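K.L.:
One structure, pasted below without further comment.
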Ligand code: PXP
């Protein structure tokens, strides 16, 4: 399994003071040095953490795959086609949310998303859909032409250590199996930490995990390099 590191919260900290540090580009370089398989940044509509200039700087100066998380909007499609990241992950976005609270409703917008995916794929960008682990969303995702899904692990993470853990875990396991049968590659992420990540090994064929908040939080105490290496050791 591979580890993609989401560095959005380096930008959150920077923006808290409106200055230049800590610099996301330096975080991306450290992740590259530690052998992360990708650097993920979510360019939100409100630019609350990562900014356009961060994405440009990282795409031009870091050779590790850039995974751009973005909403299904014309503005974001234009940016992706200009920057040409290695991959994009399409996510739902609500202005008031603290973080991405749930998966993209692919089943409910099949035509719109299928149309949105095509020019990105034609430009050589891998497309992933961030979805809840349900049969309906997996089956719809397979019809869009996207090569990947990223299963939202938020419900599993919240249920970890409670009586609902197994139910949430089985949703991930079954969805991953179905997705692979339908020809999709499967990533996962959201809310994963140094403890609950261990069970991801029980899901066959998972390709990459995208993890941000827990790594950046740990980095405050042990440094980013150490935090990434510790997570790599749990993931690989
Ligand atoms: N994957 C996606 C699609 C996300 O939106 C996020 C959060 O931005 C993550 C993974 C990482 O989640 P976390 O920061 O909880 O590790």
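Just so it is clear, none of the values below were taken in a lab; they were calculated from the coordinates. Quantities reported herein were computed from a predicted structural model and do not represent experimental measurements. Backbone-built Cβ (ideal geometry, glycine too); neighbour counts: all protein chains shown.
K.L.:
Could you work out [θ]222 nm for the chain from helices alone, using -39500 (n - 2.57) per DSSP H run of at least four and dividing by all its residues? Round to the nearest 500 deg cm²/dmol.
P.N.:
Result for the chain: -13500 deg cm²/dmol, rounded to the nearest 500.
K.L.:
Still on this structure, I have one more. Principal axis lengths of the range 95-141 from Cα atoms, whole Å, largest first?
P.N.:
32, 25, 16
K.L.:
Another question, then. For a bin width of 10 Å, list the pair-distance distribution of the range 1-102 built from all Cα-Cα distances, rounded to whole %.
P.N.:
16, 51, 32, 2
K.L.:
To two decimal places, what compactness ratio does the chain give when its Cα radius of gyration is scaled by 2.2 N^0.38 Å?
P.N.:
Dividing the Cα Rg of the chain by 2.2 N^0.38 Å gives 0.95.
K.L.:
Taking R0 as 25 Å, what FRET efficiency do you get between residue 220 and residue 198 from their Cβ-Cβ distance, rounded to the nearest 0.05?
P.N.:
Computed FRET efficiency for residue 220 and residue 198 comes out at 0.65.
K.L.:
Rounded if a/c is under 1.5, else prolate if a/b is larger than b/c, else oblate: which is the range 120-236, with a ≥ b ≥ c the root eigenvalues of its Cα gyration tensor?
P.N.:
Oblate.
K.L.:
Can you give the translational diffusion coefficient of the range 64-192 in µm²/s, computed by Stokes-Einstein from the Kirkwood radius over Cα pairs at 10 °C and 1.306 mPa s?
P.N.:
107
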